[in-house]
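Heads up: the structure comes next, in structure tokens.
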Amino acid sequence: MSIDVHYVTDGPADAPVIVLSGSLGSTLDMWSPQVEALASEFRLVRYDLRGHGESPVPDGPYSLAELGADALRLFDRIGAERVCFAGLSLGGMVGMWLGANAPERIDRLAVMCTSARFAPPEAWAQRAELVRAEGTSAVAPGVVQRWFTPGFAEQHPEVTDRMRTMVAGTPAEGYAGCCNAIEHADLHPDLPRIAAPTLVVAGADDPASPPDHVERIASGVKGARLQVVDSAAHLASWERADRVNELLREHFSGTS
């Protein structure tokens, strides 16, 4: 069953809509570096995944289909028949699910620092069990360590502190429920059904979804454009916001 997720909008009400879907353990604030860069040309809609931020926290486990249904319900709530959709990590999996299962709702798609299958499944089951037992603070330091390159983390400790607080503040059941969704998701068979023009972005130094994972997505989606962003780990949208914003602007304006 779908739920009403929390969202915020920026930009002109009559501009083309871009919906931004975030990583496991994030809130819509993870997209802060994109707001000023994109909201002058687009109606930017950022939202919290179910179980995250200010969205409701249903009992888990969750499924990727439920996360996708939440997004479709959001499109209806904002009055958007078709949207541009950008997702990072788990948000990228949601984007691929939408592209394959609701192609009539997706105008253009961007998936970043993600995988069609985050293996091994048992690792996600174990993380869900750990978080349900000890809370998200038990995993926050390790999660954020994968989000940024060591050099960026050393130069910007205030950012890493902010992100650790974000992850640790995620409701345990919400985080664990989404771990279960990742555990059971395999989008490889769905990739050929994605018809929307698709941008696929990898962080060159991403340990969570290495470039070869992202390359497999690009090879599975007909006509997909692959871009590898240098000096970026998993949260490339923050660490290399300059390059990612440029890629998103080009892709969603149809100039790439």
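Pairwise Cα distances in the chain exceed 36 Å for 4 percent of all pairs. Counting only DSSP beta bridges with both residues in the stretch 1-88, the antiparallel share comes to about 35 percent.
Take the chain with all the other protein chains still there, run a 1.4 Å probe, and you get 39 Å² of accessible area per residue. Distance between the modelled labels on residue 222 and residue 1, one decimal in nanometres: 3.9 nm (7 Å Cα→Cβ projection).
Across the chain, C-alpha contacts under 8 Å between residues 6 or more apart give a mean separation that, scaled by the residue count, equals a relative contact order of 22 percent.
The distance between label points at residue 130 and residue 184 comes to 2.2 nm (points 7 Å beyond Cα on the Cα→Cβ vector).
In order along the stretch 167-174, the phi-based Karplus estimate (6.51 cos²θ - 1.76 cosθ + 1.60, θ = phi - 60°) of 3J(HN,Hα) comes to 5, 5, x, 6, x, 4, 5, x Hz; Gly and Pro are listed as x.
The accessible surface of the chain, taken with every protein chain in place and a 1.4 Å probe, is 49 percent carbon and sulfur.
Which parts of the stretch 52-95 would a label at residue 13 reach, counting a residue when its backbone N lies under 14 Å from a point 7 Å out along Cα-to-Cβ? Correct set: 78-80. Full extension of the segment from residue 204 to residue 82, taken as 0.36 nm per residue of separation minus the current Cα-Cα distance, would add 40.8 nm.
Couplings 3J(HN,Hα) of the stretch 9-22, computed from phi: 10, 9, x, x, 5, 9, 7, x, 8, 10, 9, 10, 10, x Hz, in residue order, whole Hz [Karplus 6.51 cos²θ - 1.76 cosθ + 1.60, θ = phi - 60°; x for Gly and Pro]. The sum of -39500 (n - 2.57) across all DSSP H runs of n ≥ 4, divided by the residue count of the chain, sets its helix-only mean residue ellipticity at 222 nm to -13000 deg cm²/dmol.
Label separation (residue 246 vs residue 54): 3.4 nm, computed from points 7 Å beyond Cα along the C-beta direction. Rounded to the nearest 5, the antiparallel percentage of DSSP beta bridges internal to the chain is 15%.
I need the GluC sites (Glu not before Pro) found in the stretch 1-91, filtered to DSSP loop residues with at most 16 other beta carbons within 10 Å of theirs.
41, 54, 81
The values are calculated or read from the model by the stated rules, or taken from the named source; none is laboratory data. Predicted model, so just to flag it, every value in this text is computed and none were measured. For neighbour counting, all protein chains shown are included, and Cβ atoms are generated from backbone atoms with ideal geometry for every residue, glycine included. Surface accessibility is based on the protein's heavy atoms, side chains included, excluding ligands, DNA and RNA. Shrake-Rupley method; radii C 1.70, N 1.55, O 1.52, S 1.80 Å.
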